[in-house]
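See structure below.
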Amino acid sequence: MSTAYTELNRFVKEKLPEKRYIHSLGVVEMSMELASRFSLPVSDSACIGIFHDAYRYDCGSGTPSFCRAHGIEVFPEEEKEPMLLHGALAAVHFDEVQGPVPHSWKVAVRHHTLGHKDMGALGAVVYIADYAEKGRKHLDDEERSRILSLPTLEAMVMHIMDMQRAYFESKGMKEAGVSEELYSFLENGGRFA
């Protein structure tokens, strides 16, 4: 494992409660498997996976303003529920924790929660892994296998979004606008760069 990953892992282990840290390790494992399968940088996916939830418990009423001050667009759903901005906070703090990191890493952690049509292939990897890692109790092994059996990252993301849409509908909730845009993008043949 790279030095960058080792340093990020140490930071995240100290920052997160044990249960969330274990989830992050599960995201790393699945991210690396997906990256290898789709010929993406495995070490990059590990770094993004371990850091994706680093700021999960740092969000508050001032988070939307903080993010905007750092050039991050805040979506209406994030304004109402600042916890959804934990990926944005991770993106803002990535450089200060690790030193300069590629822009693709920041975009990936920024959009791992609601998704975004511009989140890129690494963003899709962490989005899928965050939803489907082996420790997640909302999926059984059969459904997890069904997701992972799909031939592309795009198909996996759409399948996850179909499941989330069904859940939202059952609870009378509305999908985030940025998520709707992502779904439409994929439905019309969009591909993650």
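No value in this document is a laboratory result; all are computed from the given coordinates. Computed from a predicted model, the values in this text were never measured in an experiment. Every residue, glycine among them, receives a Cβ derived from its backbone with ideal geometry; neighbour counts consider all protein chains shown.
Excluding residues fewer than 8 places away in the same chain, name every one of the lysines whose C-alpha is closer than 25 Å to that of K13.
Partners found: K106, K134, K137.
Could you compute the net charge surrounding R146? Neighbours are other residues with a C-beta less than 12 Å from the C-beta of R146; K and R count +1, D and E count -1.
Details: positive: R144; negative: D140, D141, E142, E143, D162.
Its environment carries a net charge of -4.
Once you list every other residue whose beta carbon is under 14 Å from the beta carbon of L34, what net charge do they have if Lys and Arg are +1 and Asp and Glu are -1? Walk me through the numbers before you get to the answer.
Working: positive: R37, K134, R144; negative: E29, E33, D44, D130, E133, E154.
Neighbourhood net charge equals -3.
Return the distance in nm (one decimal) between the two label points of a simple spin-label model at R20 and S170, each offset 7 Å from Cα along Cα→Cβ.
Modelled inter-label distance: 2.6 nm.
Local charge sum around E79 (other residues, Cβ-Cβ under 14 Å, Lys/Arg +1, Asp/Glu -1)? Walk me through the numbers on the way to the answer.
On the way: positive: R68, K80; negative: E73, E77, E78, E81.
Result for the neighbourhood of E79: -2.
Mean residue ellipticity at 222 nm from the helices of the chain, using -39,500 (n - 2.57) per DSSP H segment of n ≥ 4 over the full residue count, to the nearest 500 deg cm²/dmol? Mind dumping the intermediate values first?
Working: 11 runs with 128 residues, N = 193.
It lands at -20500 deg cm²/dmol.
Loop by DSSP (not H, G, I, E, B), at most 16 other beta-carbon atoms within 10 Å: where is the longest site-free stretch of the chain for chymotrypsin sites (Phe, Trp or Tyr not before Pro)? Please list the in-between numbers first.
Details: sites that count: F38, Y57.
Answer from the scan: 58-193.
Mind giving me the FRET efficiency for D141 and E29? R0 is 22 Å, r the Cβ-Cβ distance, nearest 0.05 is fine. Let's see the in-between values first.
Numbers: r = 15 Å, r/R0 = 0.68.
Efficiency, from the Cβ-Cβ distance: 0.90.
Under the definition of Cα pairs under 8 Å and six or more residues apart, what whole-number percent is the relative contact order of the chain?
On the way: 242 pairs, mean separation 37.9, N = 193.
Relative contact order of the chain: 20 percent.
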